[in-house]
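Heads up, the thing below is written out as structure tokens.
The values are calculated or read from the model by the stated rules, or taken from the named source; none is laboratory data. What you see is a predicted model, and the numbers here were worked out from it, not measured in a lab. Glycine also receives a Cβ, built like all others from the backbone with ideal geometry; neighbour counts cover every protein chain displayed. Just so you know, the surface numbers come from the protein's heavy atoms only, side chains and all, with ligands and any DNA or RNA stripped out. Shrake-Rupley method; radii C 1.70, N 1.55, O 1.52, S 1.80 Å.
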Amino acid sequence: MKVSTVLFNRVIARYCVVAGLLFINTFSLAAANAPISFTDVTKETGITFTHKNGASGGFYIIESISAGLALFDYDNDGDIDIYFLNGAALKGAKYDTPPKNELYRNDGNFKFTNVTEKSGLGDAGFGVGVAVADYDNDGDLDVYVENCGPNVLFSNNGDGTFTNVTKKAGVGDGDTIGAGACFLDIDKDGDLDLYASRYIVFSYDKNVVMIKRGYPAFTDPTVYVIEPDALYRNNSDGTFTDISDASGISKVRGTSMGVTCVDYDNDGDTDIFVANDNMANFLFQNDGTGKFEEVGLMAGVAYDFNGKAQGSMGVDIADYDNDGLLDFYVTSYELQPATLYKNLGDGLFEDVTFPSGASEGTFTSMTWGTGFADFDNDGDRDIFVVTGNLQPNIEKYSNRKFHTRNELLMNTGDGKFVNITDKAGDGMAVELSSRGAGFDDLDNDGDIDVVILNTMREPTILRNDSINDNSWIQIRLKGVKSNRNGIGSRVKVTAGELVQIEEVRSGRGYQGHHGLRLYFGLAKHKKIDKIEVRWLGGGVDVLKDVKTNQLITITEGQNSEK
Amino acid sequence: MNTHSNHLQQFSQGPLEKRLCRFIIAFLAIAAFCISTSLAATEPEITPGQQANSIIEKQLSVIAEEVLQDFPQDIQLAKFAAEFYNQCERPDAAVAALEQALKYNPESYELCNRIAKTSFANGSYDKAITYWRKALAISPEKLDLNNNIAETYMALGKYAEAVTQLEKIIKKEKGEVFPALDYSKSYFLLGQGYLQLRQYEKAKEYLEKALVITPEHRMGHYQLSKTYMRLKNPEKAKEHMELYTKQKAETAERKEAWAKKRKTAVINNTADADRKVFSRTLTRLSARGSRLYLVSGKSQSSQELFNKAETTFQKAIAIDAGQSVLYRQFALLYVMTNRKLDRAQGLAKKAVELEPSAQNYLMLGRIYYQNSDRANALITIEKAIALEPGNPLYRRTYNKIKKGADK
């Protein structure tokens, strides 16, 4: 072989090696970054809230379930504020400063100011669940807090302050152990009624503690007495009437946790889904007049595909596969997957958890707050699941951890999900024991950020730093004949082939509230062909050729379909 | 065998008597705790019974680690250790112990099956399938493994694979009285698989077959009800859902009645149950471990590996202090090598104390003799002869010593 040929081969080989290394490097970078990325900005936000669960060593079961949170614009200034629920001292516990719920005003750019005292929202009850809506149709958002003990309804005075109107409204719900709550218009009369769920019947002397290999542990809620949830009809005069019996709600009783309300059967009224802990979930089908029948078993959402009751915690609902039907995602206990129920139409659901990949990473952890949200604005909804063990001392008797990381499942657009937690930024590396979670655009930049309530710790605030040039639209509804927030109304957004639906809801996830503004990722579409609003009262508004990348308000009747 | 045993060294350090004392004290403490559990506790403070569990668990943990290190090839040991790890909710450790044993016993059906079961229970479905397939390759006659594999495919959402797995196997049904396969389960799984594949007629066919074999198959009714719903036959759906609900209610009633019976001591019952389980595991693990140490110690003795044999016997006694044979064999090691005869005497005495058998008396007599205490040697061997008068060895030994004494 000639010397020149050998040299040439060496040069070629060297180039190949360099090219190979470059390829590997590029590939590694691609693998390291996912289309969705979250940054943990908690420390920069000025939020000083720390959750207290009231524990005194008694292992009272209610310690483990606190709490949800709410994301809403309390002062109507156009940005989303944060309301954290807090526990309270249980028997034997003492705090120098009694814990209370805290409200943080969004000052923009991820800076928040504690306005609890001024707002009057610093309820000192043992908070567990919350729902937000304009129940009195006066143009501002009111807050209903579910406590372990009497619940509280705060009416927004319109000036950044709230007044406790529970007594007048008649929605204190007695000395019950609350869970999730929802405002919904059960009878389409234009005002919002209230669903208040109840977990178990609790008293200190009847608390049951399980012992796991020598260590105390919270036990299964089904060993307690269980009572039915409550439904209150809005009398349109600031008062409510308990219609739990008349509506059919009290016919069944469960260990309620997360609750949310949508029109799952597309019949024009709002139905109710209740996630029950270690019992069959409930699906209350509305007959259109505010009377309900529990159909969870027949619909296929009571149990998982094996027919087993899960320790259901939170629930969110969205059309994940853009087929025009709303699907349910329910979080659950450890060694159970969070479950995706696909809506087949005709009132039936199919558990598609495993073939869809929607449970990837959720089996070993306990899962709580959850939300369907299009974090990368690519036109399909991803799933965020927060996790954390129930037992604070689990590490003493098991190799599982109390603090666990949350999970992010990216929708691949073909009805499947892929877990991208490892590659989705430092925000996903946080390990705490999370409970409630809210999803909204905190900095009004067109993507959805995340707020997480962690039990016994500071919250986690995740800024969405995903890089893409996808379009989006945010829609706020303003009801006129319907309730003011358009709760229960269905919005359909069409951009080319991409058709998405969403419904306005009050109360969702794990005993929390977020998302009165609806979000639609639009992928590469630069224009929306049509936005159709089907108001709960029956009217339809249609907007055509709408620009993307903006927040719009659609007022009922202003774009009526002729 | 690993002679650098960190954990057990704590037990093994110092004179044997001291170590034994520690063990006796520990066991007495556990017993005291157990007795006091009868005092019902209403507060969640850890009761003495639960503390006892904790002590046993820690002890078990040390023993399991040590014996697994020393005898990684032993199937029984791996099984007992895995049971313990599963009881402690440490499935990874359970699988690791079993996999380690499998390296030495690659044809063990049982190990494969256990790894698969543990993996399945903890959501490691791919691993479960891999090991159930291995188990099936080793023991093709275990047809029920097909059900397990199919069930695991279902859990992975691979319904077509599940159905394929079962379709092959159910063709072999011949209506045997005692079939090797739980056909009811196979048909149920097939029905469930076809339901997920949206082949509703086939789902109905197989679920009905399952219910013919096992009419009380609750989940069969549940899945069949769902199938009828999909087939737009709400009446039949309702019928099966009612059967499901009825059977479920009956089960719930039984459960409630059971719970009511035990309502008075929820906490202590749990502790008692835990303790029973741990005690059983401790017994099994200790017995198996000490036996292995004994065999190993004997082998080392015969190879004149004195130091190794000494450590091995110490370990054997550390994990199973109640077996006289361990003390006797340990004493024999000293006797054979003519070392530490004072300790040998103590060991032989302990053996006799635990079990006054002819063999143990003989050993003690022999050591007395080696320690030039012929009087006690004769008295002791007489006891052996009394227990086994027909044994010529005892008589010969006695006579030899006596002759020497008379001289």
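Buried by at least 50 Å² relative to the chain on its own: which residues of segment A:387-434 qualify, computing accessible area with a 1.4 Å probe on protein heavy atoms?
Hits at the 50 Å² cut-off: A:Asn399.
Residues with amide H under 5 Å of A:Gly311's amide H, sequence separation 5 or more or different chain, H placed in the peptide plane at 1.01 Å from N; which?
Hits under the 5 Å cutoff: A:Asn278, A:Tyr333.
Amide H neighbours of A:Gly149 under 5 Å, counting only residues 5+ apart in sequence or on other chains, H built in-plane at 1.01 Å?
A:Thr176, A:Ile177, A:Gly178
Report the Cα-based extents of segment A:65-124 along its three principal axes, largest first, to the nearest Å.
43, 23, 18
Among the lysines, which have Cα under 27 Å from the Cα of B:Lys255 when same-chain residues fewer than 8 positions away are ignored?
A:Lys206, A:Lys212, A:Lys251, A:Lys308, B:Lys117, B:Lys185, B:Lys226, B:Lys238, B:Lys246, B:Lys263, B:Lys276
I'd like the FRET efficiency for A:Thr50 and A:Asp77, computed as 1/(1 + (r/R0)^6) with the beta carbon distance as r and R0 of 35 Å, rounded to 0.05. Write down the numbers at each step before the final one.
Values: r = 26 Å, r/R0 = 0.75.
Computed FRET efficiency for A:Thr50 and A:Asp77: 0.85.
Quick one: in the protein assembly as shown, what % of C-alpha pairs are over 39 Å apart?
Values: 249912 of 468996 pairs.
Pairs farther apart than 39 Å: 53 percent.
Please report, to one decimal in angstroms, the Kirkwood hydrodynamic radius of chain A built from all distinct Cα-Cα pairs.
On the way: mean 1/r = 0.0421 Å⁻¹.
Result for chain A, one decimal place: 23.8 Å.
Using only Cα atoms, tell me the angle between helix A:3-32 and the longest principal axis of chain A; keep it within 0 to 90° and round to the nearest 10.
Taking Cα atoms only, the helix is inclined about 0 degrees.
Find which of A:Tyr195, A:Val143, A:Thr364 sits farthest along the positive direction of the dipole of the protein assembly as shown, computed with +1 on the beta-carbon of Lys and Arg, -1 on that of Asp and Glu, about the Cα centre.
A:Thr364
Could you give each residue of segment B:319-334 its phi-based ³J(HN,Hα) in whole Hz, using Karplus coefficients 6.51, -1.76, 1.60 with θ = phi - 60°, and x for Gly or Pro?
My calculation for segment B:319-334 gives 9, 8, 6, x, 9, 5, 4, 5, 5, 5, 5, 5, 4, 4, 4, 5 Hz in order.
Under 5 Å between amide H atoms, partner at least 5 residues away or on a different chain: which partners does A:Asp267 have, H built in plane at 1.01 Å?
For A:Asp267, whose amide H was placed from the backbone, there are no distant partners under 5 Å.
Residue by residue through segment A:99-110, which ³J(HN,Hα) values in whole Hz follow from phi under the Karplus form 6.51 cos²θ - 1.76 cosθ + 1.60 (θ = phi - 60°), with glycine and proline marked x?
With coefficients 6.51, -1.76 and 1.60, one gets x, 8, 5, 10, 10, 10, 7, 7, 9, x, 6, 6 Hz.
For every helix of n ≥ 4 consecutive DSSP H residues, a contribution of -39,500 (n - 2.57) applies; sum these over the protein assembly as shown, divide by its total residues, and give [θ] at 222 nm rounded to the nearest 500 deg cm²/dmol. Walk me through the numbers before you get to the answer.
Numbers: 27 runs with 373 residues, N = 969.
Only helices count here, giving -12500 deg cm²/dmol.
For segment A:440-562, count the residues as N, evaluate 2.2 N^0.38 Å, and divide the Cα radius of gyration by that value, please.
Values: Rg = 15.6 Å, N = 123, 2.2 N^0.38 = 13.7 Å.
The value comes to 1.14.
In Å, what is the Rg of the alpha-carbon atoms in segment A:493-542, and how long is Dmax?
Looking at segment A:493-542, its Cα Rg and Dmax stand at 13.1, 36 Å.
Taking a label point 7 Å from the Cα of B:Glu205 along the Cα→Cβ vector, which residues of segment B:212-245 have an amide N closer than 17 Å to it?
B:212-213, B:224, B:227-228, B:231
Would you compute, for the Cα atoms of segment A:190-278, the largest minus smallest coordinate along each principal axis and list the three values in descending order, in whole Å?
So the extents along the principal axes, rounded to whole Å, are 55, 29, 20.
Given Cα pairs under 8 Å that are at least 6 residues apart, what percent is the relative contact order of chain A? Mind dumping the intermediate values first?
Numbers: 1682 pairs, mean separation 82.9, N = 562.
The value is 15 percent.
Treating only the Cβ atoms of Lys and Arg (+1) and Asp and Glu (-1) as charged, compute the dipole magnitude of segment B:48-252 about its Cα centre; round to the nearest 20 debye. Don't jump to the answer; show the numbers that get you there.
Details: 28 positive and 28 negative charges, 204 e Å.
Dipole of segment B:48-252, to the nearest 20 debye: 980 debye.
Over the protein assembly as shown, with the other protein chains present, what is the accessible area per residue in square angstrom, probe 1.4 angstrom?
On the way: 39580 Å² over 969 residues.
On a per-residue basis, 41 Å².
Given the options B:Asn148, B:Thr251, B:Tyr194, identify the residue whose Cα lies farthest towards the positive end of the charge dipole of segment B:48-252 (+1 on Cβ of Lys, Arg; -1 on Cβ of Asp, Glu).
Selected residue: B:Tyr194.
Stokes-Einstein D for segment A:338-450 at 10 °C, 1.306 mPa s, Kirkwood Rh over Cα pairs, in µm²/s?
Values: Rh = 15.1 Å.
Stokes-Einstein gives a translational diffusion coefficient of 105 µm²/s.
With a 1.4 Å probe and all protein chains left in place, how much of the accessible area of segment B:324-407 comes from carbon and sulfur atoms, in whole percent?
The nonpolar share, carbon plus sulfur, comes to 50 percent.
What whole number of Å gives the distance from the Cα centroid of segment B:114-157 to the Cα centroid of segment A:472-551?
Taking the Cα centre of segment B:114-157 as reference, the centre of segment A:472-551 is 47 Å away.
Quick one: Karplus J couplings for segment B:229-235, per residue in order, coefficients 6.51, -1.76, 1.60, θ = phi - 60°, nearest Hz, x for Gly and Pro?
4, 5, 8, 6, 10, x, 5
Expressed in whole Å with the largest first, what are the equivalent ellipsoid semi-axes of segment A:54-166 derived from the C-alpha gyration tensor as the square root of 5 times each eigenvalue? Could the numbers behind the result be given before it?
On the way: eigenvalues 136, 47, 26 Å².
Semi-axes (√(5λ), whole Å): 26, 15, 11.
Using every pair of alpha-carbon atoms in segment B:324-407, split the distances into 5 Å bins beginning at 0 and state the percent of pairs per bin, rounded to integers.
Result returned by the calculation: 3, 18, 28, 24, 19, 6, 1.
What whole-number value in cubic angstrom gives the convex hull volume per residue for the C-alpha atoms of segment B:48-252? The partial results should precede the final answer.
Details: hull volume 29.6 nm³, N = 205.
Normalising the Cα hull of segment B:48-252 by residue number yields 144 Å³.
Ignoring ligands, DNA and RNA, how much accessible area is buried between chains B and A, both sides summed, with a 1.4 Å probe, to the nearest 100 Å²? Walk me through the intermediate numbers first.
Details: alone 21820 and 21050 Å², together 39580 Å².
In total, this chain pair buries about 3300 Å².
Given a 1.4 Å probe and every protein chain left where it sits, what share in percent of the accessible area of segment A:183-340 is carbon and sulfur?
Values: 2110 of 4370 Å².
It is 48 percent, rounded to a whole number.
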